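The structure under discussion appears below in the form of structure tokens.
All of the numbers you see were taken from the coordinates with simple rules; none came from a lab. For clarity, every value in this text was computed on a predicted model and none was experimentally measured. Methodologically, a virtual Cβ is constructed for each residue, glycine included, from the backbone with ideal geometry; neighbour enumeration extends over all protein chains shown.
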Ligand SMILES: NC(=O)c1ccc[n+]([C@@H]2O[C@H](COP(=O)([O-])OP(=O)(O)OC[C@H]3O[C@@H](n4cnc5c(N)ncnc54)[C@H](OP(=O)(O)O)[C@@H]3O)[C@@H](O)[C@H]2O)c1
């Protein structure tokens, strides 16, 4: 396949390039360089003309939309308007779209794992932009798949979540539950989904172990030979999601890519 990855310089962008041997990879970059062997377009995803021109040049079989920001004045314009631009551009050209979404579009108060049909109910401003992005992408391109994922780690470099875990000054929520996913597993899944145009709508794609941010940080520290009991934690403040465990049974049945849990990965 020819794949076009927005956010090619990002953490998942690099993992996709590392995973997708045999595929041609192009995509957008901003300030962070693209992985070697890929073709980069210096394009802001909010720029409709530039996104369209890049797609016309690269002529991909599928677009994987990872570009986003968290926090800051551009959060809504990049995450919502940018997603709409990419979805319209892909739909206008009949190109398959895999859109990256998040588990924090939910409040996490259902008392059970979240399923694809559960309605989004974000608690944070960032979560609200990702929920709105899902809506605008679906309106522009009903055939797009919306990949809801969780904390990404275990790529070629430590992710920001792992770097924070290794910082002794940090504290971690013991009651915010997530399903961390290895970058390579997530990349394999999204590349597989790029070639599955019949799969549309929300799909939960995350690691099989649900755990608190504190337990994740302790496992990261222990895997590097540190003292897990030295990692401190406490409850999350009001306004943050609680249990965002994603029920990934649909993805497990659909995909060849195995989505491993943290204990399995870090025990190696
Ligand atoms: N990371 C996680 O733990 C996590 C958890 C749940 C969901 N997700 C979702 O997974 C996706 C990928 O996450 P990631 O960790 O790979 O993110 P990342 O490392 O922060 O990469 C995001 C990329 O988007 C690019 N970007 C930002 N604004 C842009 C714009 N206006 N135009 C074009 N490119 C722009 C950035 O470029 P520059 O670096 O050059 O600024 C960066 O390369 C996101 O959609 C996110 O919502 C991530």
Largest fluctuation, 91, 198, 144 only, Gaussian network model of the chain with Cα springs under 10 angstrom, belongs to 198
Percent antiparallel among DSSP beta bridges confined to the range 128-262, rounded to 5, stands at 15
Note: residue 222 to residue 121 extended length (0.36 nm per residue) minus current alpha-carbon separation gives 32.9 nm
Contour minus Cα-Cα span, residue 200 to residue 167, at 0.36 nm per residue, comes to 7.9 nm
Relative to the chain, whose Cα atoms define the longest principal axis, helix 83-92 and its Cα axis are tilted in degrees, nearest 10, by 40
With Cα coordinates, the longest principal axis of the chain makes an angle with the long axis of helix 125-140, in degrees rounded to 10, of 30
Computed from the beta carbon distance with a Förster radius of 45 Å, FRET efficiency for residue 267 and residue 49 to the nearest 0.05 stands at 0.35
CD proxy, 222 nm, the chain: helix-only mean residue ellipticity via -39,500 (n - 2.57) per DSSP H run with n ≥ 4, per residue, nearest 500, stands at -9500 deg cm²/dmol
Counted neighbours (other Cβ, 10 Å), sorted fewest up, put 4, 216, 106 in the order 106, 216, 4
Under the rule rounded for a/c under 1.5, else prolate if a/b exceeds b/c, else oblate, using alpha carbon gyration tensor axes a ≥ b ≥ c, the chain is classed as prolate
For the range 1-145, shape from the Cα gyration tensor axes a ≥ b ≥ c, cut at a/c of 1.5 then a/b versus b/c, turns out prolate
Once residue 256 and residue 39 are pulled to full extension, the length gained, defined as 0.36 nm per residue separation minus their Cα-Cα distance, is 75.4 nm
Quick note, the range 5-84: a/c under 1.5 would make it rounded; otherwise a/b > b/c is prolate and the rest oblate (a ≥ b ≥ c, C-alpha gyration tensor); here it is oblate
